[in-house]
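Trainee: Below are the structure tokens for one structure; questions will follow.
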Amino acid sequence: MQLPVLKNENVEEMTLGKKHSEFFLKFFGGCMMMANKVRHSLQGYKKPRLIDTKDYESIVTYDKSVVDSYEHWLKFYLPDVSFENKNILELGPGADLGVASILLAKGVARYSALDAHNLLSTVDKSFYDYLLSELKKEYKLSEEKWSKIADSINSNLLGDSDAQINYVADPKFDVSSLKLSKSLDIILSHAAFEHFSDVDKLFISLDVVVKKGTVLIAQVDLQTHSRIIKDMDPNNIYRFSKSFYKLCSFSGSPNRLRPEDYASILEKNGWKNIRVVPIKMLSKNGEIKWLNTNYKNNDNMDILVCMLLAQKK
Ligand SMILES: C[S@@+](CC[C@H](N)C(=O)[O-])C[C@H]1O[C@@H](n2cnc3c(N)ncnc32)[C@H](O)[C@@H]1O
């Protein structure tokens, strides 16, 4: 299929600074991948973002920015649709129930989330006292609505799957563990699709919970995730052969799917009006000569971060 890329006037352009040799970047990137593999084998997947887990103010600011982004792209894609009274699923929600709580404050009917890693324990329960007091001020919540959100957080943390917040961590990342009917209005995801090991299987299993018209709003970070190398060579992961990359993979390492792969998986699984909107692109000076053969002739390697927007047929 032809890649349905939309123009984005506000795209962020990344210009590379100091030029390093292709040999150095490939060698250094390979070493970093092996080191990451060892680190993850020892520690597992623990830190989905750089913010200190005790810095509650920055966590809330970050969670708000994720919800703002979801709202922006929903409006961009379907101007007449809002979150109000909707049944939402977030895939790969990360370390806390901040996004869940903000969405409930904005009138979402029910929030479900599925993750392969249970990261909620990385944030202390006192975070939710801070979060709720912030939400109360910002959204001028009535006492009734405020305590409903507080109850939903507590019930979920206590494992009640009927709560208004339905967060499930399942190492198999199995949609059926959410115990949902065919009821979802909107699926959201932020910086997570690139971590999913089998996106095709995920969309097949989502068929049980989506209905005609369900909307997908997903931000995908296609870059290398190694923090040391990201700024000097954002496409570093695409330099390596399939076999070497597989050798260095672990649960959560980027799957190296490109926008056209996501678009064809969506099309194959009965999604329509598929749109790819670049939000971060590599400027012309970032061209890489030593890309692996699977990516060398790809015309869209300059897309570093994009939105995937689609609707179920
Ligand atoms: C970078 S974090 C993003 C979290 C959150 N959405 C955010 O924007 O901060 C990636 C998310 O994907 C999840 N994840 C990582 N590997 C996964 C896998 N193999 N299958 C399913 N989810 C995975 C992580 O647990 C985490 O919630």
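Values quoted throughout were computed directly from the atomic coordinates according to the rules given, and no laboratory measurement underlies them. Here the structure is a predicted model, which is why all the values come from computation and not from measurement. Cβ coordinates were reconstructed from backbone atoms using ideal geometry, including for glycine residues, and neighbour counts include every protein chain displayed.
Trainee: So which GluC sites (Glu not before Pro) in region 250-313 are both in a DSSP loop and have at most 12 other Cβ atoms within 10 Å of their Cβ?
Mentor: Glu287
Trainee: Report, for region 12-312, the % of DSSP beta bridges that are antiparallel, rounded to 5.
Mentor: 40 percent
Trainee: How high is the relative contact order of region 212-270? Use alpha-carbon pairs under 8 Å, at least six apart in sequence, and give a whole percent.
Mentor: Dividing the mean separation by the residue count of region 212-270 yields 29 percent.
Trainee: Taking the chain as the reference, fit the longest principal axis to its C-alpha atoms, fit the long axis of helix 259-268 to the helix C-alpha atoms, and give the angle between the two in degrees, 0 to 90, nearest 10.
Mentor: The helix 259-268 is inclined about 60 degrees to the chain.
Trainee: Right, something else. Counting Lys and Arg as +1 and Asp and Glu as -1, what is the net charge of the other residues whose Cβ lies under 10 Å from the Cβ of Leu184?
Mentor: With Lys, Arg at +1 and Asp, Glu at -1, the neighbours total +4.
Trainee: What chymotrypsin sites (Phe, Trp or Tyr not before Pro) does region 233-313 have in DSSP loop regions with at most 16 other beta carbons within 10 Å?
Mentor: In loop regions of region 233-313 (DSSP not H, G, I, E or B), the sparsely surrounded chymotrypsin sites (Phe, Trp or Tyr not before Pro) are Phe250, Trp290.
Trainee: Something else now. When only Cα pairs under 8 Å and 6 or more residues apart are kept, what is the percent relative contact order across the chain?
Mentor: It comes to 24 percent, rounded to a whole number.
Trainee: Just add up the charged neighbours of Trp290: K/R +1, D/E -1, any other residue whose Cβ is under 14 Å from the Cβ of Trp290.
Mentor: My count for the surroundings of Trp290 gives +2.
Trainee: Turning to a different aspect of this structure: Report, as a whole number in µm² per second, the diffusion coefficient that Stokes-Einstein gives for the chain at 37 °C and 0.692 mPa s using the Kirkwood radius over alpha carbon pairs.
Mentor: D = 160 µm²/s.
Trainee: Grab every C-alpha pair in region 150-306, bin the distances at 5 angstrom width from 0 up to the longest one, and report whole percents.
Mentor: The calculated distribution, bin by bin, is 1, 8, 14, 19, 18, 14, 11, 8, 4, 2, 0.
Trainee: If you consider only alpha-carbon coordinates, what radius of gyration and Dmax does region 191-283 have, in Å?
Mentor: That works out to 14.6, 43 Å for Rg and Dmax.
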